[in-house]
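A short write-up of the structure that comes next.
Nothing in this text is a laboratory measurement; each read-out follows from the coordinates by a stated rule. All values reported here derive from a predicted model rather than from experimental measurement. Neighbour counts are summed over all protein chains in view; Cβ atoms, including those assigned to glycine, are modelled from backbone coordinates with ideal geometry.
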Amino acid sequence: MRTPFIAANWKMYKTVHETVAFIKEFRTLAKGLFDVEIVIAPPFTAVSPAADAAHASNIGIAGQDLHWEREGAFTGEVSAAMLKEAGAEYVIIGHSERRRLFGDTDETVNRKLGAAVQARLTPIVCIGETLEERDSNRTLDVLDRQIKNGLDGLTADQIAGLVIAYEPVWAIGTGRNATPDQARDAHAHIRGRVRQWFGGIAADQCHVIYGGSVKPDNIRELSSLEDVDGALVGGASLEIRSFLEIVSRSRAAAV
């Protein structure tokens, strides 16, 4: 059975001071929760202090993005090696905001995945459809393309270690979220494609989590669905009690 996986994506919120204060308090409250994987992705400026604050706890730290090259003339970018050195264990790749606002494509997602895997960072790779794509009944075609092109060239063993976040773009920061039926169907399709294209072991071991206006009042229902292994949480992860409730309720639903 896969351990529930809950990741906080803080986006462009929280200073270093705010990050460290949050993690110090949160780790005390969550110290007994070893039956769920907890990850926090702070801004780049706070990755190293966050890793220090989370040291020897049950909290992992993630970068929110990376460049596929190890080094070079790429102003404003960070490499997998830099994230690793700063103390990150995970990295978010292909978030819908990166795709929509900063031009990430399936090809660049694939290159970033390769860099992350080579640096032994666990990728949290995001896929999902826009509202227009869902309304035109193209959701499954979009997911197929993003899985096939984004994960191209990875081995079954590498796929087994992935976290795949299904985030319907129309539910990011909108207050809307997929219905249980929509989430169940998308997650089942994703795991089915992983099984078909990469094998049973990869499909059984990789985490497939949901992202899209996740809150304490819907995480239990989402986590109880077959093939939903947890959540990628945005705004609701910025407040300690809210995030703690999400983590706790995801555990309860998985029992």
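Remarks
- Nearest-20 debye value, segment 141-255 charge dipole, Cβ charges on Lys, Arg, Asp, Glu: 140 debye
- Rounded to the nearest 20 debye, dipole of segment 15-87 from Cβ charges on Lys, Arg, Asp, Glu: 240 debye
- Estimated 222 nm signal from helices in the chain, with DSSP H stretches of n ≥ 4 weighted -39500 (n - 2.57), rounded to 500: -13500 deg cm²/dmol
- Each of 96, 43, 17 was scored by the projection of its Cα onto the charge dipole of segment 1-97, and the greatest displacement toward the positive side belongs to 17; charges sit on the C-beta of Lys, Arg, Asp and Glu.
- Vicinal HN-Hα couplings computed from phi for segment 73-83 (Karplus, 6.51 cos²θ - 1.76 cosθ + 1.60; Hz; Gly/Pro x): 7, 10, 4, x, 9, 10, 9, 4, 5, 5, 4
- Charges were assigned to the Cβ only: +1 to each Lys and Arg, -1 to each Asp and Glu. The resulting dipole of segment 77-216 about its Cα centre is roughly 160 debye.
- At R0 = 30 Å, FRET efficiency that the Cβ-Cβ distance of residue 221 and residue 21 yields, to 0.05: 0.45
- For residue 93, residues with placed amide H under 5 Å, excluding near neighbours: 124, 125, 126
- For the chain, averaging the sequence separation of C-alpha pairs within contact (under 8 Å, six or more residues apart) and dividing by the residue count gives a relative contact order of 19 percent.
- Mean separation of Cα contacts under 8 Å (6+ apart) over length of segment 46-179, as relative contact order %: 22 percent
- Among 219, 124, 172 - extreme Cα towards positive end, dipole of segment 120-246, charges at beta-carbon: 124
- Amide H partners (placed H, <5 Å) of residue 40, local residues excluded: 8, 60, 61, 62
- Residue 155 paired with residue 136, simple spin-label distance in nm, labels 7 Å along Cα-to-beta-carbon: 3.9 nm
- A full extension of the chain between residue 204 and residue 240 corresponds to an added length of 9.8 nm, given 0.36 nm per residue minus the alpha carbon distance.
- Sequence ranges 214-225, 122-133, ranked by mean other-Cβ count within 10 angstrom, highest first: 122-133, 214-225
- Label corresponding to semi-axes √(5λ) of the Cα gyration tensor in Å when calculated from the structure given, among (i) 44, 20, 17; (ii) 32, 20, 19; (iii) 25, 22, 17: (iii)
- Sorted peptide list for 61-67, 206-212, 137-143, criterion being average Cβ within 10 angstrom, highest first: 206-212, 61-67, 137-143
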